[in-house]
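Below is one structure, written out as structure tokens; comments come after it.
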Amino acid sequence: MKIAIIGAGAIGGLVGAKLALAGEDVTFIVRGRNLEAIRERGIKLVTADGWEHTARDVHATDSYALAGPQDVVILAMKAHQVEGVLDQLPHLLAPHTVIVPMQNGIPYWYFQKHGGPHEGQGVSSVDPQGRIAASIDPQRVIGCVVYPASELIAPGVIRHIEGDRFPLGELDGSSSERVHMLAACFVNAGFKAPVLEDIRSEIWLKLWGNATFNPISSLSHSTLVDICQYPLSRELAAAMMREAQEVAQKLGISFRVPLEKRIAGAEKVGKHKTSMLQDVEAGREPEIDALVGSVIELARLTETPTPHIDTVYALVKLLARTMHEENGHVRLSGEPHQQLEAVAA
């Protein structure tokens, strides 16, 4: 299959490298140092057990027109970056092209082909102007939930930390030939890709942790295991998760995993910095609204109080604004008498 991956960061790089190593025709649409590195050396994947594999037979370009029509287009950027690719996206589309958004949080398409009382409603926290929903035909979209943890450790070099599941599902819950073909492609690359009838419930299961552990970690500069093993932060996470669960249940979502088991799963990941903490440390815009703001938006839609989520959201939004105004990043420092350091970019 011809597969274009927009972005070669932690997840896009992982997916593209493994698909290419499995023999798929992969094109990375990237810029800057990542583009140069992949063109020169291919993309390197460092596995969790330390083995290194390099996919050299890949294409890399910053031109959508040059890449041309694809069978599958994977949107492997963060939610607030999707709108920026809309004008160029048509260059990648043939009549049969499937689009797979791989953003964390509540996706812009959540109520498309939903069938419930909110059918067709937009999610303004991730698509403020409605441009994404208006630009991408929902008939092309296959839902996906991203479970692996990985890091971009150098241009063109991805380190896989743990996890291999990419559940897939048609937005209307149907069992189509194309979703099974895509799942088989992922399985052939070494991933687990179950086809689900209710992809939204799986989105909530992943979001259940992301909406809590990401902002808590970015504010406390702590890893998943630290948050879960410290009683006060563990209880805060549990309180936020209970609020999110009530929102989801009002939207008809059932959770197949108990709350404590979900927390235990995060604890098991160990000393892993969440993506939001990594962004704060690097001075990048953190992915707040897709992970937390969207939950609050749906809480208001369902008239559900979320005081713990609201408080943490306000704090992490203020942190992001301060970083932006100061053009800096925030990280723990080992220097004596100085634990927090704000460094100008």
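Exactly one residue out of 169, 122 is part of a loop (DSSP other than H, G, I, E, B), surrounded by 16 or more Cβ atoms within 10 Å (Cβ to Cβ), not assigned by TED's automatic domain parsing to the domain that holds residue 279 and not polar (S, T, N, Q): that is 122. Counting the residues of the range 176-200 that are more than 16 Å from the chain's Cα centre (by Cα) and assigned to a helix (DSSP H, G or I) gives 12.
The set of residues in the range 97-121 being without any contact (Cβ under 8 Å) to a residue 40 or more places away in the chain and within 25 Å of residue 12 (Cβ to Cβ) consists of 108 alone. When the residues of the range 19-36 are filtered to those that are outside any loop (DSSP other than H, G, I, E, B), of a type in the set (A, V, I, L, M, F, W, C) and within 11 Å of residue 58 (Cβ to Cβ), the one that is farthest from the chain's Cα centre (by Cα) is 21. Whether any residue in the range 80-91 is over 15 Å from the mean Cα position of the chain (by Cα) and within 13 Å of residue 141 (Cα to Cα) is what I want to check. There is no residue in the range 80-91 that is over 15 Å from the mean Cα position of the chain (by Cα) and within 13 Å of residue 141 (Cα to Cα).
The values are calculated or read from the model by the stated rules, or taken from the named source; none is laboratory data. What you see is a predicted model, and the numbers here were worked out from it, not measured in a lab. Don't worry about glycine lacking a Cβ; one is built from the backbone with ideal geometry, like all the others, and counts go over all protein chains shown.
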